[in-house]
Each structure stands twice: as C-alpha cells, then as structure tokens.
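The following block contains the structure, expressed as structure tokens.
The values are calculated or read from the model by the stated rules, or taken from the named source; none is laboratory data. Please read all numbers here as calculations on a predicted model, not as lab measurements. All Cβ positions, even for glycine, are placed from backbone atoms using ideal geometry, and neighbour counts span all protein chains on display.
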C-alpha cells in the first residue's frame, strides 16, 4: 500500500523475558523464551553504521541475518551483528528504491523486493552474498504495487500486489526467484473497496509448509486474511477482528507456526491514534479469527513465533515490543524501542529492525 510511512518511535529499552530449558548453543545463544525466574534476555542493539529504515529482515541464524530498507540499502552480518557488510544492489542505491522485503535461504542466497507504482516494484536476487544482484522481475503495469513476498522453500515463492482490476495480484516462482509468472486471477476473491496490503514489515504475505500461504489486508470496511492451500492458485477470505474502515487501519503482519496456528497484528499506524484489538489469533488455518483477550496496547507492524517456546511469539511496532506466552491470547509489553519488523530463525536467533538503521538481536542478559 502506498500510504505507509509511520513516525519515529521511542528510545531503546531492555526487553526482559525469562528463559526456559532448551539445548545449549555456542556464543551464549538464547534457547527459549518463557516465564519463571530463569536468567533474563533482551534486545541488544547492533551498530549498522547506516541511517536507512529497515522494514525487510531475514533471520538465517543467530550469526547470519539480512536487512533491507530505504535508499536501496541491503546489509548482511555473518557474526551475530558485530559487523555488517553493505551488499546493496548498486542500481537500487542509484535509484533510491524502497526495499521493503528480503527473504534469505542462507548466507549467500537472498531475494529482495522493492515497492512502488509501476516499474518501482522489482525483485532482485543474489547467489553470492550480495556481491552481485540480478533483477528478475520489473513490474510492467502502472496499476500494480507490490508489497510483500514469501518463500515456502528455496524454490517456491510468491509475491503480492495491491488489487488490479478488483483483485489482488499474485506472482509465482518455482526456481528460487530466478523467474516469475503471473498467476490467473480466477481463484482470487474480489477485493473490498479501498482494500490493499501494507508494505510495513515484509509480513503481509507469509507461508507455512509447502503449499499454505496467507495474505493480510487493510483499508477496507473489514480487515481480512486470505488463505491459499495450493500455492496461490485459489484463495478463501476471512474477516479478522482488527481495526478497519480507514486506509490507515488493518492487518499489517501475519505469522503462522504451522498450517493451523496463526497470529495477526496491526491497528492504525498513525501516530497518536488508538488501536484497540490490535492482535488476533487463529487455530484453524485462518478460517476464523478471535481477538486477543489482552492485545498489545498500540499498533504493531511485525510478528514472529519463537522457536522452542510453544505458544510464545513476539510483536513489534514503533512504540514497543510485546510478547505472548499463550499463543496470542494475552500480550504484555516488554520494550519501548522502535522496531518495524521481527524474525526468528530455527536456532532461536531472533532479530528486529526498524528506523534510523536500528537492528537488534535477542540475547542473554
């Protein structure tokens, strides 16, 4: 969606949560989040040396992560954030592209999405850690505006555009992003008036397992979640309980830990606007949604399930980070720092990124 650019957040503060027993890892790795009196953990800011706003984030592991953002900027770390390599695509920097999503398969292979009307929406791919990039898609339709992309494995991926001719538009790849094809629109339900996606955190299109994909919407009379069980060929729409009825309101991020258990977060991104019921939970693959009994207190733009944590997940936004320990039913705010997106790797390496070059990793205190 074209409108998104939220205001500045608050200063960083410690995210303090308990740890529960899980396999020990090197470099003081954080094995699991939970309650109780175990040692604490929190966000540790990593100096990127940049002032770009990073809304694209891919957590490969506790040591390796990619971030993508404004001014065509892409950074990569291989040492847990102690140092960052500027691997920005030269053409993206020269044109000042807004890179709002990045999906990384490992330390060398990644796919990035730039957003915007018409040819500003592009997909770039690297196979050598960002030393070189190849443009594999450039949007030829001035009516389309791509917001997010997702990969279910190293070959199969989708990208989504705001509605064109009354329906969301879906691109598909089965070769790791080297080539893309437009999927037929016959299986996509009609969009609501004013409905679109939010390019807020790279999480308006997410996947779990080999075939299931979910798409988050806002701007319409209701905030919806669309689900496909066949890699984007056909979709079913469900109403969420998040704020709607305004171009600034809706579902901004989704997270599914498997094909049934999902979270939706969002609200109203405008500074100072209330966002009641800013989170919802689904246990049936997104067919139905229930409001969180105790939601985050304000708009949240990103969410991620925590490995080893059972029902534990994180949500972030310009005014703080929240954690749930019960699968999204209740949330409590644990940090006042500004982040736009969050992602957790299978080894429990959790990263967050946002404005003014801010990137952090969750670490033991």
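Do you know which of the residues in segment 205-219 that are farther than 22 Å from residue 55 by Cβ and free of Cβ contacts under 8 Å to residues at least 60 places away in the same chain is surrounded by the fewest Cβ atoms within 10 Å (Cβ to Cβ)?
Going through the qualifying residues, I end up with 210.
Here's another thing I want to ask about it. Would you mention how many residues in segment 158-187 are within 23 Å of the chain's Cα centre (by Cα) and part of a loop (DSSP other than H, G, I, E, B)?
The number of residues fulfilling the criteria is 8.
Here's another thing I want to ask about it. Hey, residue 135 hits all of (1) in a strand (DSSP E or B); (2) buried (at least 23 other Cβ atoms within 10 Å of the Cβ) but one; which does it fall short on?
It fails just one condition, (2).
Let me confirm something: among 49, 18, which residue is in contact with a strand residue (DSSP E or B) (Cβ under 9 Å, 6 or more places away or on another chain), at pLDDT 60 or above and surrounded by fewer than 23 Cβ atoms within 10 Å (Cβ to Cβ)?
Just one listed residue meets the conditions, 49.
Conditions tested, residue by residue: (1) modelled with pLDDT under 95; (2) assigned to a strand (DSSP E or B); (3) surrounded by fewer than 24 Cβ atoms within 10 Å (Cβ to Cβ).
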| position | (1), (2), (3) |
| --- | --- |
| 315 | no, yes, no |
| 321 | no, yes, no |
| 328 | no, no, no |
| 334 | yes, yes, yes |
| 343 | no, yes, no |
| 351 | no, yes, no |
| 356 | no, no, yes |
| 360 | no, yes, no |
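Looking for whichever is at pLDDT 95 or above and either over 21 Å from the mean Cα position of the chain (by Cα) or closer than 19 Å to residue 159 by Cβ (or both) here; the options are 108, 76, 100. Which one fits?
100
Does residue 318 fit the bill of being touching a helix residue (DSSP H, G or I) at 6+ places or on another chain (Cβ under 9 Å) and within 18 Å of residue 250 (Cα to Cα)?
yes
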